[in-house]
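Each remark here refers to the structure printed beneath this line.
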Amino acid sequence: MTQITRDDVLHLAQLSSLQLDEAEIDGLQMDISNILGYVEQLSKLDTDGVEPTYQVTGLKNIWRDDKVIDYGVSREELLHRAPESVDNQVKVPKVL
Amino acid sequence: MTNISEIKDQIKDTSARQVVEKAIKMAKDKSEYNAILNLTEERALIRADKVDSGLIGGKLAGVPFVAKDNFLAFGAPTTAASKMLENFDAPLQATSVEKLEAEGAICIGKANLDAFAHGGSTENSAFGPTKNAVDMEKVAGGSSGGSAVATALDIVPFALGTDTGGSIRQPASFNGVVGIKPTYGTVSRYGVVAMASSTDTIGVLANNIADVELVMEIMSGQDVRDMTTLPDFFKVQDKPKSNQKIGIISDFMTDGVDIEIRDKVNEYVDKLRADGHTVEEVSLSMIEYALAIYYIIVPAEISSNLARFDGIRYGHRANSVKTLAELYGKTRDQGFMTENKRRIMIGSYVLSSGFFDAYYLKAQKARTLLINEFNELFKTYDALIGPVAPTTAFKIGENITDPVKMYLNDIMTVPASLVGLPAISVPAGYNKSGMPIGLQIIGPMRSDASLLSLAKSEETKQWINQ
């Protein structure tokens, strides 16, 4: 059975952009190990030569005209929902 | 229990305003159930007045409903029961809500759920669990727990829910109401917070089948804003096909399922037989793998869909951070519940290079085998029948500390989700302690109306009035 270490949890948290609280790490380590332990039963199943299914109704490549649809929502209304904005733009902390 | 036609009579006899005011008062009186997170009172009353003055009409003119709080709707925040979206004011409405409003329906509030619909008990809500409509010590089921309880308490005659792996069917069964998870692609998901895009569906919970049919007829149909919607096909059937061939899923009738639940399923089977249908035992060898497939594919899709919650454009943003990476990390830590984090991290794991083939690809191949088995059975059978969940509603707190135990409750609802099949949950009676028992009918793709018609013919006054 897959053993998930504390380092694995921290790595997964980093991949998931989650800066976990110290108190939550141990619990998640156990839960993730248990869940992966459960789903591992699939390895018993023979799937050689089977095609995967990603979409169940068979629809694919549904196209529409490349035209702007007016949803009736203005730039101001959307900017108003950003936690911080300035000069008609969303404000974020510096990247580097 | 109240149904839509009774509500329409009440509106005729009094006014839409009085009916809507009554529903809102009841929602307030029953607030200890925590079924509704925010009322849309002001907007609801304005719309009710417009119904009364003839400005708004339609098949549901003045009929109140609640929407699960992952549907974007005007009049209250759309929180998805999370801190992430606690104050999120939707700039537009879900297609399903718009279609109901176009027929005059009045949304009176937003129902509680497990945050981002991750869960089967509504205990993962950032705003506290919803209490079961029959026993307040018990869970509402989930994730559409608030929708089920608001319907069962007669606050509203119907409620909108979403079902990704059982989130309409299981709470419907735990509270004694009807619920439908339609064929994948029947109802537009535009304007609904995405969870797992390959299984997410929109459906309805109500007190009887006729109301489910009416609401489904209004909501279903192709939408250019959701490219996965199927060409229109849902059409209410007057009468079910006679002499149907129905399979009872024997894999779901084992000792792992409460005996009282199995008894009620068998009683229903007897009724079906008495009405001229043939019922035979069937078995699906892939069904034992369905839950494992589900808890690989769904977290993978969740980790991808929930990447959008980054604290930049809308929703919660963490304070006093110095870098962008810190902003993402802290915002997401504060905005998500533990169950959200678990699923996102499992998703990151199964999609990582090195593990992708063994988990995600393997699960998608296994899914093909599950689909093949169902297709094979539907060459012979019109529908399949079985329980919705292995138990009736469990105690609040009983399963919350053990995620695997909690997931096992989904074992009988996830197969239809992975295959995209329509499945309905109908009340089948009560156990000795008075807890509702639900029964599930699953059909081939696009058989939604036919399943409802069959269930309607078996619906008895005894169940809906009890």
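Evaluate the distance, in nm, between pseudo-label points positioned 7 Å from the Cα of A:VAL73 and of B:SER242 along their respective Cα→Cβ axes.
The answer from the label model is 5.2 nm.
Using θ = phi - 60° and the Karplus relation 6.51 cos²θ - 1.76 cosθ + 1.60, list the HN-Hα couplings for region A:30-46 in order, rounded to whole Hz, with x at every Gly or Pro.
Result, ordered by residue: 5, 4, 5, 4, 5, 5, 5, x, 5, 6, 5, 4, 4, 5, 5, 7, 7 Hz.
Taking the dipole about the Cα centre of region B:271-405, with the C-beta of Lys and Arg at +1 and of Asp and Glu at -1, give me whichever of B:PHE394, B:SER304, B:LEU324 is farthest to the positive side.
B:LEU324
Can you give me the Cα centroid spacing of region B:63-113 and region B:171-216 in angstrom?
Using only Cα atoms to place each centre, the spacing works out to 15 Å.
Using modelled amide H (1.01 Å from N, peptide plane; none on Pro or chain starts), what sits under 5 Å from the amide H of B:LEU230, excluding residues fewer than 5 places away?
B:THR186
So if we plug the beta-carbon distance of B:ASP402 and A:GLN3 into 1/(1 + (r/R0)^6) with R0 = 22 Å, what FRET efficiency do we get, rounded to 0.05?
Efficiency, rounded to the nearest 0.05: 0.70.
Per the Cauchy relation, a quarter of the hull surface: what is the mean projected area of the convex hull of the alpha carbons in region B:1-146, in nm²?
The directionally averaged projection comes out at 8.3 nm².
Apply the Karplus parameterisation 6.51 cos²θ - 1.76 cosθ + 1.60, with θ equal to phi minus 60°, to every residue of region A:21-28 and state each ³J(HN,Hα) to the nearest whole Hz, in sequence, with x for glycine and proline.
Ordered by residue, 3J(HN,Hα) equals 6, 3, 5, 8, 5, 4, x, 5 Hz.
Say the dipole of chain A comes from +1 at the beta carbon of Lys and Arg and -1 at that of Asp and Glu; which of A:TYR71, A:LEU20, A:ASN34 then lies farthest toward its positive end?
Highest projection toward the positive end goes to A:TYR71.
Under 5 Å between amide hydrogens, which residues at least 5 positions from B:PHE88 or on another chain qualify, with H placed 1.01 Å from N in the peptide plane?
B:THR78
Here is the link list: A:LYS91/B:LYS322; B:LYS110/B:LYS341; B:LYS28/B:LYS50; B:LYS25/B:LYS181; B:LYS22/B:LYS110; B:LYS68/B:LYS131. Which ones come out longer than 19 Å on Cα distance?
From the list (A:LYS91/B:LYS322; B:LYS110/B:LYS341; B:LYS28/B:LYS50; B:LYS25/B:LYS181; B:LYS22/B:LYS110; B:LYS68/B:LYS131), the Cα-Cα distance tops 19 Å for B:LYS110/B:LYS341; B:LYS28/B:LYS50; B:LYS25/B:LYS181.
In Å², nearest 100, what accessible area do chains A and B bury in total when the solvent probe is 1.4 Å?
Chains A and B together bury approximately 5300 Å².
When you count, for each residue, the other Cβ atoms within 10 Å and take the mean per peptide, how do B:301-307, B:420-426, A:68-74 rank with the highest first?
B:420-426, B:301-307, A:68-74
Taking only protein heavy atoms into account and a 1.4 Å probe, give the accessible area per residue of chain A in Å².
Per-residue value: 71 Å².
Can you give me the C-alpha center-to-center distance between region B:255-282 and region B:306-342, rounded to a whole angstrom?
After rounding, the separation between the Cα centres reads 48 Å.
Got a number for carbon plus sulfur as a percent of the protein assembly as shown's accessible area, 1.4 Å probe?
Result for the protein assembly as shown: 49 percent of the exposed heavy-atom area is carbon or sulfur.
Given labels modelled 7 Å from the Cα in the Cβ direction, how far is it in nm from A:VAL90 to B:ARG273?
6.0 nm
With the cut-off at 29 Å, report for the protein assembly as shown the share of all Cα pairs above it, as a whole percent.
51 percent
Spelling out what I want: for every residue of region B:134-148, take phi, set θ = phi - 60°, compute 6.51 cos²θ - 1.76 cosθ + 1.60 (Karplus), and round to whole Hz; glycine and proline get x.
Calculated HN-Hα couplings, in order: 9, 9, 5, 7, 9, 6, 7, x, x, 7, 7, x, x, 5, 5 Hz.
Averaging over all projection directions, find the projected area of the Cα convex hull of chain B and quote it in nm² with one decimal place.
21.3 nm²
Give me the net charge of B:ALA428's neighbourhood, meaning all other residues with Cβ under 14 Å from the Cβ of B:ALA428; Lys, Arg count +1, Asp, Glu -1.
Spelling it out: positives minus negatives among the neighbours equals -3.
Taking H placed 1.01 Å from N in the peptide plane, check which residues at least 5 places from B:VAL279 or on another chain put their amide H under 5 Å from its amide H.
Correct list: B:ILE246.
So what is Rg over Rh here for region B:126-222, counting just Cα atoms and using Kirkwood for Rh?
Using only Cα positions, Rg/Rh for region B:126-222 is 0.96.
The values are calculated or read from the model by the stated rules, or taken from the named source; none is laboratory data. Here the structure is a predicted model, which is why all the values come from computation and not from measurement. Please note: Cβ atoms are built from the backbone with ideal geometry, for glycine as well, and neighbour counts cover all protein chains shown. Remember, those area values only see protein heavy atoms, side chains included, never the ligands or the DNA or RNA. Shrake-Rupley method; radii C 1.70, N 1.55, O 1.52, S 1.80 Å.
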